[in-house]
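Novice: Take a look at this one; I'll ask things after.
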Amino acid sequence: MSNNNYFSGLFFGIKSLLTGLGVTMKEFFTRKITEQYPENRKELKMFDRFRGRLIMPHNENNEHKCIGCGLCQMACPNGSIKVTTEMLEAEDGKKKRSLVKYEYDLGCCMFCELCITACPQGAIEFCTDFENAVFDRAKLVQQLNKPGSKVAEKKPVAKPAAPAAAKPVTEAKPVAPAAAKPATEAKPAAPAAAKPAAPAESAEAPVEKKESNPETPAAV
Ligand code: SF4
Ligand code: SF4
């Protein structure tokens, strides 16, 4: 190996070493985005679109929105939902369907969200819970309606007050323009009748001069 080849190889090695060290130092001082799971379990917040498991939200009066129509159960391709209802007689004598039990099997749910899309009431949704693993599959079957809960009654929507009848704006009658008197046009001065100058009586009528044809014989 010649000396030239030896030194060119040495410089190439040092250059590539410094390049690598530059990348390392740059990443060393860059802000870290790696999640230290499970150490950060307490402060870890999943993003909103994460589908952890199905839930049925209840309000402070232990009321939910589910009317037991069963559309979510029919929409579920996996049979992960089982809706049990009963018919109750309302005060006005009408029969009304009421939810008894809403069972959801997390073990066979594939998080397709078809049930949520099918629900006309917006009664179910996905929460962002994670770490749902259990040792017993039976624990994955959950009842979503809380004990003693009932469907929230819809409050009658107050009709908006009818706006005061707007009086028609009395339109200002357009002021009749003063009868515009036609401007008295200055009558053009009648041209003085140009009386043809009467021929002076004394004027002699033009006498037609008959040239006598010298060749025409005079009438006898
Ligand atoms: S997300 Fe899909 S699979 Fe899971 S319960 Fe709803 S419809 Fe069924
Ligand atoms: S969750 Fe929605 S679709 Fe399912 S039974 Fe209740 S109201 Fe019907």
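Novice: Take the Cβ-Cβ distance between Glu153 and Gln36 as r, set R0 to 30 Å, and report the resulting FRET efficiency rounded to the nearest 0.05. Mind showing how you got there, number by number?
Specialist: Values: r = 48 Å, r/R0 = 1.59.
With R0 = 30 Å, the Cβ-Cβ based efficiency is 0.05.
Novice: Moving on to the next point. How do Phe126, Phe111 rank when sorted from fewest to most other Cβ atoms within 10 Å of their own Cβ?
Specialist: Values: Phe126 18, Phe111 13.
Going from sparsest to densest Cβ surroundings: Phe111, Phe126.
Novice: Sticking with this one: Starting from region 1-75, pick out the GluC sites (Glu not before Pro) whose DSSP state is loop and whose Cβ has at most 12 other Cβ atoms within 10 Å. Before the final figure, lay out each step's value.
Specialist: Numbers: sites: Glu27, Glu35, Glu39, Glu43, Glu60, Glu63; in loops: Glu35, Glu39, Glu43, Glu60.
Here the sparse-neighbourhood loop sites are Glu35, Glu39, Glu43, Glu60.
Novice: Quickly work out the Leu10-to-Asn132 label distance, labels modelled 7 Å from Cα along the C-beta direction, and quote it in nm with one decimal.
Specialist: Simple spin-label model gives 6.5 nm for this pair.
Novice: Arrange the following residues from fewest to most other Cβ atoms within 10 Å of their Cβ: His58, His64. Please report the intermediate quantities before stating the final value.
Specialist: Details: His58 17, His64 21.
Least to most surrounded, the residues fall as His58, His64.
Novice: So which trypsin sites (Lys or Arg not before Pro) in region 67-104 end up in coil per DSSP with only 10 or fewer other C-beta atoms within 10 Å? Intermediate results must be reported in sequence, preceding the final value.
Specialist: On the way: sites: Lys82, Lys94, Lys95, Lys96, Arg97, Lys101; in loops: Lys94.
Passing both the DSSP loop test and the Cβ count: Lys94.
Novice: Shifting gears a bit: With a 10 Å Cβ neighbour count serving as the proxy for reagent exposure, in which order, fewest first, do Ser80, Ser98, Ser8 appear? It would help to have the intermediate numbers written out before the result.
Specialist: Values: Ser80 22, Ser98 15, Ser8 11.
Final ranking by Cβ density, sparse to dense: Ser8, Ser98, Ser80.
Novice: With a Cα-only, solvent-free Debye model of region 53-151, what are the log10 I(q)/I(0) values at q = 0.10, 0.13, 0.25 Å⁻¹?
Specialist: Evaluating at q = 0.10, 0.13, 0.25 Å⁻¹ gives log10 I(q)/I(0) of -0.28, -0.46, -1.46.
Values quoted throughout were computed directly from the atomic coordinates according to the rules given, and no laboratory measurement underlies them. Computed from a predicted model, the values in this text were never measured in an experiment. Cβ coordinates were reconstructed from backbone atoms using ideal geometry, including for glycine residues, and neighbour counts include every protein chain displayed.
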